[in-house]
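**Q** Here it is: the structure, laid out below.
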Amino acid sequence: MKKEKAVVVFSGGQDSTTCLFWAKQQFGEVETITFDYGQRHKLEIECAQQIAQELGVNNTVLDMSLLNQLAPNALTRTDIAITQEEGQLPSTFVDGRNLLFLSFAAVFAKQKGARHIVTGVCETDFSGYPDCRDAFIKSLDVTLNLAMDYPFVIHTPLMWLNKAQTWKLADDLGAFTYIREKTLTCYNGIKGDGCGECPACHLRKAGLDTYLSEKTAQGADA
Ligand SMILES: [Zn+2]
């Protein structure tokens, strides 16, 4: 795929930055697209722009503020708390978000002459988001091909990885330290290891600790 071009759906977080490193290894040319939907932290957009610049790829920010108009949620509104009740979708879920993002990414990609779209969605640490599931991605891939008569391929390198395995992939790509220090996952807008208290930080740290302890154990075996 070295002669082909890919567009990475890019938020500046751990997962999409890992996808960006992966895409740079797989494809001859890579661009990134970032969605501004009124995130709690403008820092997220700045972080994405900075990483794209440092890694030498183009970044385009698309205004998706209409998403907040359609469906106010905890990712965009500071007056809505981030919560997750047993058996319910977390308050960070936005109906149709990935459907919309990937559809816009496809329109953008076709304009740019790219047929490959890379996204960091994942079914393993399934937080209940229906449009992160593999079945949905495969269905959308078919739909996008039919909608635009264009041979899109949606790539989901993290789909079956848990958070520890995502750290391992980053390490295998030579990007472990970069991703640990430069990416923003924290709901409180703190880069790197974050605030340590929000659900996103807990998930990220649990995966990191697991990966580091596995790595240490393997090192001891060798
Ligand atoms: Zn945090």
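The values are calculated or read from the model by the stated rules, or taken from the named source; none is laboratory data. Predicted, not measured: the structure shown is a model, and the values here were computed from it. Because the Cβ atoms are built from the backbone with ideal geometry, glycine has one as well, and the counts that use them run over all protein chains shown.
**Q** Just to be sure I understand the filter: pairs with C-beta atoms under 8 Å, separated by 6 or more residues or on different chains, first member in the stretch 107-134 and aliphatic (A, V, I, L, M), second member modelled with pLDDT under 95 and in a helix (DSSP H, G or I). Which pairs pass?
**A** Listed pairs, sorted by first residue: V121/N98; V121/D131; V121/C132.
**Q** Check S103 against each of (1) outside any helix (DSSP H, G or I); (2) modelled with pLDDT of 95 or more; (3) within 24 Å of W160 (Cβ to Cβ); (4) among the polar types (S, T, N, Q) and name the one condition it does not meet.
**A** Exception for S103: condition (1).
**Q** Looking at the stretch 127-148, is at least one residue surrounded by fewer than 16 Cβ atoms within 10 Å (Cβ to Cβ), under 16 Å from the mean Cα position of the chain (by Cα) and within 16 Å of the ligand (Cβ to nearest atom)?
**A** yes
**Q** Check whether at least one residue in the stretch 63-73 is modelled with pLDDT of 95 or more, assigned to a loop (DSSP other than H, G, I, E, B) and either within 21 Å of F108 (Cβ to Cβ) or touching a Leu at 6+ places or on another chain (Cβ under 9 Å) (or both), and report yes or no. Can you show your working first?
**A** Filtering the stretch 63-73 down to residues modelled with pLDDT of 95 or more leaves none.
Checked against the condition, which is being modelled with pLDDT of 95 or more, assigned to a loop (DSSP other than H, G, I, E, B) and either within 21 Å of F108 (Cβ to Cβ) or touching a Leu at 6+ places or on another chain (Cβ under 9 Å) (or both), the stretch 63-73 yields no hits at all.
**Q** Can you list residue pairs whose Cβ atoms sit under 7 Å apart, with the first residue in the stretch 1-22 being over 16 Å from L203 (Cβ atoms) and crowded, with 24+ Cβ neighbours inside 10 Å and the second being among the charged types (D, E, K, R) and at pLDDT 95 or above? Count only pairs 6 or more apart in sequence or on different chains.
**A** V7/E31; V7/K112
**Q** Something else now. (1) more than 16 Å from the ligand (Cβ to nearest atom); (2) without any contact (Cβ under 8 Å) to a residue 12 or more places away in the chain: which one isn't true of Q165, the others all being true?
**A** In the conditions (1) more than 16 Å from the ligand (Cβ to nearest atom); (2) without any contact (Cβ under 8 Å) to a residue 12 or more places away in the chain, Q165 misses (2) alone.
**Q** Another question about this same structure. I'd like the residue in the stretch 168-177 that is touching a residue at least 12 places away in the same chain (Cβ under 8 Å) and either β-branched (V, I, T) or closer than 26 Å to K42 by Cβ (or both) and, out of all such residues, is nearest to the ligand (Cβ to nearest atom).
**A** Among residues in the stretch 168-177 that are touching a residue at least 12 places away in the same chain (Cβ under 8 Å) and either β-branched (V, I, T) or closer than 26 Å to K42 by Cβ (or both), the one nearest to the ligand (Cβ to nearest atom) is A170.
Residues checked against (1) within 27 Å of A106 (Cα to Cα); (2) hydrophobic (A, V, I, L, M, F, W, C); (3) touching a Cys at 6+ places or on another chain (Cβ under 6 Å):
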position: N145; (1), (2), (3): yes, no, no
position: L173; (1), (2), (3): yes, yes, no
position: Y187; (1), (2), (3): no, no, yes
position: G194; (1), (2), (3): no, no, yes
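**Q** Sticking with this one: Going by the conditions given, is L140 in a helix (DSSP H, G or I) and touching a residue at least 12 places away in the same chain (Cβ under 8 Å)? Give the steps one after another, and end with the answer.
**A** On the way: in a helix (DSSP H, G or I): yes; touching a residue at least 12 places away in the same chain (Cβ under 8 Å): yes.
So L140 passes the test.
**Q** Hey, another quick one. Taking the conditions exactly as written (within 16 Å of the ligand (Cβ to nearest atom) and either free of Cβ contacts under 8 Å to residues at least 12 places away in the same chain or over 25 Å from E31 (Cβ atoms) (or both)), does K182 satisfy them or not? Steps first, answer last, please.
**A** Working: within 16 Å of the ligand (Cβ to nearest atom): yes; either free of Cβ contacts under 8 Å to residues at least 12 places away in the same chain or over 25 Å from E31 (Cβ atoms) (or both): no.
It is false that K182 is within 16 Å of the ligand (Cβ to nearest atom) and either free of Cβ contacts under 8 Å to residues at least 12 places away in the same chain or over 25 Å from E31 (Cβ atoms) (or both).
**Q** Right, another one. Note down all Cβ pairs under 6 Å where the first residue falls in the stretch 201-221 and is over 18 Å from L169 (Cβ atoms) and assigned to a helix (DSSP H, G or I), the second is within 13 Å of the ligand (Cβ to nearest atom) and modelled with pLDDT of 90 or more, and they're at least six residues apart or on different chains.
**A** Filtered contacts from the stretch 201-221: C201/C186; C201/G194; C201/C195.
**Q** Those residues that are among the polar types (S, T, N, Q) and either in contact (Cβ under 8 Å) with a residue 40 or more places away in the chain or surrounded by fewer than 16 Cβ atoms within 10 Å (Cβ to Cβ) (or both), I need them from the stretch 149-162; list them, please. Talk me through it step by step, then tell me what you get.
**A** Start the filter on the stretch 149-162 by keeping residues that are among the polar types (S, T, N, Q), which leaves 156, 162.
Listed by number, the list holds a single entry, N162.
**Q** Sort through G196, G207 and tell me the only one that's within 10 Å of the ligand (Cβ to nearest atom), in contact with a Lys or Arg (Cβ under 9 Å, 6 or more places away or on another chain) and over 16 Å from A23 (Cα atoms). Lay out the reasoning, then the answer.
**A** Working: G207 fails: within 10 Å of the ligand (Cβ to nearest atom).
Result: G196 is the single residue among G196, G207 that is within 10 Å of the ligand (Cβ to nearest atom), in contact with a Lys or Arg (Cβ under 9 Å, 6 or more places away or on another chain) and over 16 Å from A23 (Cα atoms).
**Q** While we're looking at this one, here's another question. Give the stretch 16-45 a look and list any residue that's out of contact with any strand residue (DSSP E or B) (no Cβ under 9 Å at 6 or more places or on another chain) and at pLDDT below 95, or say none.
**A** Scanning the stretch 16-45 gives G38, Q39, R40, H41, L43.
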